[in-house]
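Right, one structure below, let's go through it.
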Amino acid sequence: YGYHRDLHSFPTRRSSDLAALRGRAALTFAHHSAGAPVATDWSFAPDPVLEPVTEIVSVHGNSEAPDGPMPIRDPVAGNWVRDVLGRGVRLGFVGSGDGHDGHPGLAHLAAPSGGLAGVWSEERTREGVLSALRARRAYATNGPRIWLRVTLAGREMGEAVPAGALAEGAELVVRVAAPAPIARVEVIQAGQLATRAEGEGLRELALRWQAPALQPGAFLYVRVLQEDGGAAWSSPFFVEE
């Protein structure tokens, strides 16, 4: 079940809709949240159980940030997903085609951007996928079948990491396998580029990086860029007390 949150949603209707979903095997998440065709109204705080992830990329472009590949058109100031993370909201990342034409991941076929969700589930069942999404063990691509695995201090993407585990620095491990040559792998920390590794035309890449000590409230995630414009985003890690 999907519930589309946008700037034209009425608070009373949204509250009743969410109340009807509580306790069910259901998820809601925003589409093309940063801009056109309809931007998300983030003044409604995402429910951590029903809305643990958000669509960071689709046929409409990326809603991550203006420095990401193929940014969405007509962005609303402060509505980028990175802005929302900076306000303390914890969201994992997924991609979806949003093309409504029966071509998953290849919406509109000729469009330069699409969207796919990668999910790290313990089992290939609906229940397993739901559990993984609620834990934010997911990543997004803008169409290509990129394989991405990221851990920080031994924890999986999407997890909260105690600041104490990062006090002396912790290892971030990134492994990527891509269908096209990799241009670079970037680590985004608190909205800034923290480090990067050049792909040098390879289709597989491993990166190990000693993360600095981070304060509670910080977040970091990985962005992969192919030479042909394909991209992937890991769900963030969130630093807590």
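Going through the range 128-222, which GluC sites (Glu not before Pro) have at most 13 other Cβ atoms within 10 Å and a DSSP loop state? Sparse-neighbourhood loop GluC sites (Glu not before Pro): Glu168, Glu200.
Rg and Dmax of the range 80-189, both derived from C-alpha coordinates alone, stand at 15.6, 50 Å.
Shown here for the range 22-111: trypsin sites (Lys or Arg not before Pro) in loop regions (DSSP other than H, G, I, E, B) with at most 12 other Cβ atoms within 10 Å, namely Arg22, Arg24, Arg73, Arg87. Sparse packing (at most 14 other Cβ atoms within 10 Å of the Cβ) combined with a DSSP loop state is found for the following trypsin sites (Lys or Arg not before Pro) in the range 95-183: Arg124, Arg145. Residue separation of Leu193 and Ala45 scaled by 0.36 nm, minus their Cα-Cα distance, works out to 50.6 nm of gained length. The GNM of the chain, with springs linking C-alpha atoms under 10 angstrom apart, assigns the highest mean-square fluctuation among Ser63, Ser96, Ser121 to Ser121.
What net charge is computed for the residues neighbouring Ala65, neighbours being all others with C-beta under 9 Å from the C-beta of Ala65, Lys and Arg scored +1, Asp and Glu -1? Around Ala65, the surrounding residues sum to -2. When both the range 164-191 and the range 192-241 are represented by their alpha-carbon centers, they are found 3 Å apart. Rounded to whole numbers, the Karplus 3J(HN,Hα) couplings from phi for the range 224-240 are 10, 10, 8, 5, 8, x, x, 8, 9, 10, 7, 5, x, 9, 10, 8, 10 Hz, using 6.51 cos²θ - 1.76 cosθ + 1.60 with θ = phi - 60°, and x at Gly and Pro.
Taken together, the values in this text are just the output of simple stated rules run on the coordinates, not laboratory data. Keep in mind that this is a model prediction, so the values were computed, not measured. Every residue, glycine among them, receives a Cβ derived from its backbone with ideal geometry; neighbour counts consider all protein chains shown.
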